[in-house]
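*Asks:* Attaching a single structure in structure tokens format; questions to follow.
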Amino acid sequence: MIEYFIHSASSFSGDIDNLFFVITLIIGFWFILVFGALVYFILRFRRKDGVKAQYITGEKHSETKWTHYPHYAVIAMDVVIIAANIIVWVNIKQTLPPKDNLIRVIGQQWSWSFVDAGQDGVLDTADDITTVNDLHVKVDETYHFELQSRDVLHNFSVPAFRLRQDAVPGRTISGWFKPTITGSFDIQCAEMCGYGHGIMGAAITVHSEESYTTTIAQIKSGTYESHFQKRKGTKTASPINTSQVEEKDSFAELLASIF
Ligand SMILES: [Cu+2]
């Protein structure tokens with residue numbers, strides 16, 4: 001259902017969505033049960049003429065079991081949520097699958113710089129490709145990133161990938177993603193980093209092999225027109241829906257029409 005609002009575009013976005021679904025289902029179940037009971041009791045035991053209110057201490061076993069049994073059930077469901085969380089956390093955050101490509105992501109007030117290690121797969125060599133607010137990657141390839149910050153705390157967030165990672169000054173934080181569909185998606189900063197935080201957006205474009213080769217050649221020859229810059233310059237062309245994916249993103253268009 002979440003894909004209706006936002007694309008699911010990475011190898012692990014489905015796992016994150018499922019986790020949210022499980023949590024929503026469990027919490028939703030208790031929410032409906034508790035509020036249903038509340039409304040029922042309000043109506044059933046409302047003030048009536050000639051009926052005196054009872055004083056119930058809730059100390060008898062026949063009364064305490066109404067607290068204890070739901071309590072045990074909630075704890076059991078907590079265990080389910082925690083177990084599901086740990087599995088997803090270990091698979092995504094603790095495991096670094098073998099890489100196809102390496103990039104460096106640098107956050108600063110208020111933009112993103114990207115350095116692609118290029119063909120040799122080694123950063124800080126002559127074939128590195130540096131871009132600002134505009135990241136280009138290949139579909140179905142695993143990217144390792146080294147995340148850094150030049151000044152304050154930032155957070156590298158790609159909602160379509162369900163990826164979010166803090167950038168901490170003085171540290172290099174490793175992570176990974178594997179895009180599964182082509183298109184252009186939002187990158188945002190998800191950590192309050194100063195008064196320009198709200199404009200700290202960028203774009204990640206996921207290419208097929210041919211399209212990637214063409215774009216990188218254009219970047220190297222200086223003829224590439226940034227997708228992100230173009231998008232910022234043309235306000236009429238739906239600034240929020242950046243997707244080049246065929247299907248229509250009606251929710252994003254609705255948002256775009258409001259703002
Ligand atoms: Cu920020």
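The values are calculated or read from the model by the stated rules, or taken from the named source; none is laboratory data. If you're wondering where the values come from, they're calculated on a predicted model, not measured in any experiment. Quick reminder, even Gly has a Cβ in these numbers, built from the backbone with ideal geometry, and neighbours come from all protein chains shown.
*Asks:* Looking at the range 5-33, I want the residues that are under 17 Å from Ile82 (Cβ atoms) and in contact (Cβ under 8 Å) with a residue 12 or more places away in the chain and have a partner that is of a type outside the set (S, T, N, Q) and assigned to a loop (DSSP other than H, G, I, E, B) with Cβ atoms under 6 Å, at least 6 apart or on another chain. Which pairs are those?
*Replies:* Ile16/Arg162
*Asks:* Which one of these does Ala160 not meet: (1) more than 14 Å from the ligand (Cβ to nearest atom); (2) surrounded by 17 or more Cβ atoms within 10 Å (Cβ to Cβ); (3) more than 21 Å from Lys99 (Cα to Cα)?
*Replies:* So the condition that Ala160 fails would be (3).
*Asks:* In the range 180-203, what residues are assigned to a strand (DSSP E or B), of a type outside the set (Ser, Thr, Tyr) and out of contact with any Asp or Glu (no Cβ under 7 Å at 6 or more places or on another chain)?
*Replies:* Initially, the range 180-203 is screened for residues assigned to a strand (DSSP E or B), giving 183-189, 201-203.
Okay, now just the ones that are also of a type outside the set (Ser, Thr, Tyr), so 183, 185-189, 201-203.
Gly183, Phe185, Asp186, Ile187, Gln188, Cys189 - these are the residues of the range 180-203 that are assigned to a strand (DSSP E or B), of a type outside the set (Ser, Thr, Tyr) and out of contact with any Asp or Glu (no Cβ under 7 Å at 6 or more places or on another chain).
*Asks:* Which of the residues that make up the range 172-194 are surrounded by fewer than 15 Cβ atoms within 10 Å (Cβ to Cβ) and within 16 Å of the ligand (Cβ to nearest atom)? Explain how you work it out, then say what you get.
*Replies:* Keep residues of the range 172-194 that are surrounded by fewer than 15 Cβ atoms within 10 Å (Cβ to Cβ), which gives 172, 174, 192, 194.
If the condition is that a residue be surrounded by fewer than 15 Cβ atoms within 10 Å (Cβ to Cβ) and within 16 Å of the ligand (Cβ to nearest atom), then Met192, Gly194 are the ones that fit.
*Asks:* How many of the residues making up the range 42-63 are assigned to a helix (DSSP H, G or I) and over 21 Å from Val74 (Cα atoms)?
*Replies:* First, the residues of the range 42-63 that are assigned to a helix (DSSP H, G or I): 42-44, 61-63.
So of that shortlist, the ones also over 21 Å from Val74 (Cα atoms) come out as 42-44.
Adding up the residues that qualify gives 3.
*Asks:* Output the residues belonging to the range 198-213 that are surrounded by fewer than 17 Cβ atoms within 10 Å (Cβ to Cβ) and either of a type in the set (A, V, I, L, M) or within 16 Å of the ligand (Cβ to nearest atom) (or both).
*Replies:* Initial filter on the range 198-213 (surrounded by fewer than 17 Cβ atoms within 10 Å (Cβ to Cβ)): 198-199, 208-211, 213.
Matches in the range 198-213: Gly198, Ile199.
*Asks:* When the residues of the range 129-157 are filtered to those that are among the acidic types (Asp, Glu) and surrounded by fewer than 18 Cβ atoms within 10 Å (Cβ to Cβ), which remaining residue is farthest from Gly222 (Cα to Cα)? Spell out the reasoning first.
*Replies:* Taking the range 129-157 and keeping what is among the acidic types (Asp, Glu), we get 134, 140-141, 146, 151.
Of the ones still in play, those that are also surrounded by fewer than 18 Cβ atoms within 10 Å (Cβ to Cβ) are 140-141, 146, 151.
Values: Asp140: 27, Glu141: 25, Glu146: 25, Asp151: 29 Å.
So, considering only residues that are among the acidic types (Asp, Glu) and surrounded by fewer than 18 Cβ atoms within 10 Å (Cβ to Cβ), the one farthest from Gly222 (Cα to Cα) is Asp151.
*Asks:* So which residues in the range 124-143 are over 17 Å from Ile187 (Cβ atoms) and not acidic (Asp, Glu)?
*Replies:* Once the filter is applied, which keeps residues that are over 17 Å from Ile187 (Cβ atoms) and not acidic (Asp, Glu), the range 124-143 yields Thr125, Ala126, Thr142.
*Asks:* So, in the range 116-129, exactly how many residues are outside any loop (DSSP other than H, G, I, E, B) and at pLDDT 90 or above?
*Replies:* First pass over the range 116-129, keeping only residues outside any loop (DSSP other than H, G, I, E, B): 116, 129.
Cutting the leftovers down to at pLDDT 90 or above gives us 116.
Summing the residues that are outside any loop (DSSP other than H, G, I, E, B) and at pLDDT 90 or above in the range 116-129 gives 1.
*Asks:* I've got another one for you. Does Tyr224 satisfy the criteria of being within 16 Å of the ligand (Cβ to nearest atom), outside any strand (DSSP E or B), surrounded by fewer than 20 Cβ atoms within 10 Å (Cβ to Cβ) and free of Cβ contacts under 8 Å to residues at least 24 places away in the same chain?
*Replies:* Working: within 16 Å of the ligand (Cβ to nearest atom): no; outside any strand (DSSP E or B): yes; surrounded by fewer than 20 Cβ atoms within 10 Å (Cβ to Cβ): yes; free of Cβ contacts under 8 Å to residues at least 24 places away in the same chain: yes.
No; evaluated as a whole, the condition is false for this residue.
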